[in-house]
Structures are given as C-alpha cells and as structure tokens.
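One structure is given below, encoded as structure tokens.
The values are calculated or read from the model by the stated rules, or taken from the named source; none is laboratory data. Here the structure is a predicted model, which is why all the values come from computation and not from measurement. Cβ atoms come from the backbone with ideal geometry, glycine included; neighbour counts cover every protein chain shown.
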Amino acid sequence: MLYLYYQFIFMFSNSSKYAIKAVLYLALHASEDNKLMVKDICKPINVPKAYLSKLLQDLSRHRIVSSTRGPKGGFYLSELNKDLFVMDIVGVIDGKNKLESCLLSLKDCSKDKPCPLHHAVSSSRSKMIKSLESTSIRELSENLGDKKAFLPL
C-alpha cells in the first residue's frame with residue numbers, strides 16, 4: 001500500500017508542485033495593492049527564477065493568477081483567483097490527463113483493458129481527483145494562515 005501512496009505523489013510533476021507552492025505563496029503574501037515580482041517569490045519557495053517565471057506566465061494566461069505589467073506590476077491573486085481549485089492549477093501545468101494516466105505508463109491501459117495496478121488504484125485515484133476538484137486555493141491558504149497546514153514559505 002505504501003507503494004501506491006508513492007505512485008500518487010509522483011502523479012504530480014515538479015512543475016505542478018512548484019506552481020501550487022507559488023500560488024499559495026501569492027495567496028498569503030500578495031494582493032492587488034501588493035503585487036510580487038518573480039524574483040521575490042523564487043527564493044522563498046526554492047524554485048529557479050526562469051522556471052517560475054514560465055509557470056506564472058502560464059497560470060496568468062489561463063487566469064489562475066492575476067498580473068499587471070509596468071513599474072508597479074507583478075503577480076497576485078484576486079478574490080476570483082482564490083476561488084479556483086487545485087485541479088485548475090494542475091490542469092494548466094500538467095493537464096488533467098496526467099492524473100488519469102496509467103501508473104505503469106502503459107499507453108493502452110483503460111477500464112476495458114486494465115494494467116495490473118488499474119483496479120487497485122482506480123477508487124483512490126477518483127477520490128483524489130474529486131478532492132483536487134473541490135479544494136479551493138482559498139481553503140488551502142486559510143489552512144496555512146490558521147496553522148492547520150504547514151508549508152515552509
């Protein structure tokens with residue numbers, strides 16, 4: 001069973017993990033009146049600046065985060081952004097299909113033609129996906145603010 005747990009962890013790419021950390025950092029430290037530049041975010045979340053810049057541009061293009069250009073520009077989360085879900089972040093970065101892909105990386109794995117692990121993880125995978133689809137950025141950031149969760153930011 002521990003094996004299955006680790007398989008689920010690896011279902012998230014490093015890019016998705018970095019993007020989630022960046023969004024949560026913005027939720028806690030930025031606002032429309034206090035926008036943050038990539039250089040202000042990359043060190044605290046331990047993500048290379050160029051890599052983070054690309055992730056935040058992708059998220060901004062898909063309206064997961066807000067941004068403005070210019071001397072007082074930067075990234076922040078609007079109230080609407082905070083009401084989006086974790087799956088929205090993962091969907092932009094990895095695509096939802098990554099979470100639904102075969103754990104053994106078999107191209108033809110499906111409900112009708114399952115790999116050896118398919119049935120063992122399908123119920124857990126479905127629960128995890130539903131949880132990501134129903135957990136908002138606001139909820140995660142409030143848990144961090146209330147010390148119900150921990151993230152070294």
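Here are a few things to note about the model shown:
- For segment 106-130, the set of residues classified as assigned to a helix (DSSP H, G or I), free of Cβ contacts under 8 Å to residues at least 12 places away in the same chain and under 25 Å from the mean Cα position of the chain (by Cα) consists of Ser122, Ser123, Ser126, Lys127, Lys130, listed by residue number.
- Counted residues, segment 115-142 - those being out of contact with any Lys or Arg (no Cβ under 9 Å at 6 or more places or on another chain), more than 18 Å from Phe85 (Cβ to Cβ) and surrounded by 15 or more Cβ atoms within 10 Å (Cβ to Cβ): 4
- When Ser78, Ser66, Ser122, Ser126 are checked against the criterion of being among the hydroxyl-bearing types (Ser, Thr, Tyr) and touching a helix residue (DSSP H, G or I) at 6+ places or on another chain (Cβ under 8 Å), a single residue qualifies: Ser66.
- Selection from segment 14-68 of residues that are free of Cβ contacts under 8 Å to residues at least 60 places away in the same chain and of a type in the set (Phe, Trp, Tyr): Tyr18, Tyr51
- With respect to (1) under 11 Å from Ala27 (Cβ atoms); (2) surrounded by 13 or more Cβ atoms within 10 Å (Cβ to Cβ), the lone exception for Gly145 is condition (2).
- Applying the criterion of being surrounded by 15 or more Cβ atoms within 10 Å (Cβ to Cβ) and touching a His at 6+ places or on another chain (Cβ under 9 Å) to the residues of segment 90-105, the residue that is modelled with the lowest pLDDT is Leu103.
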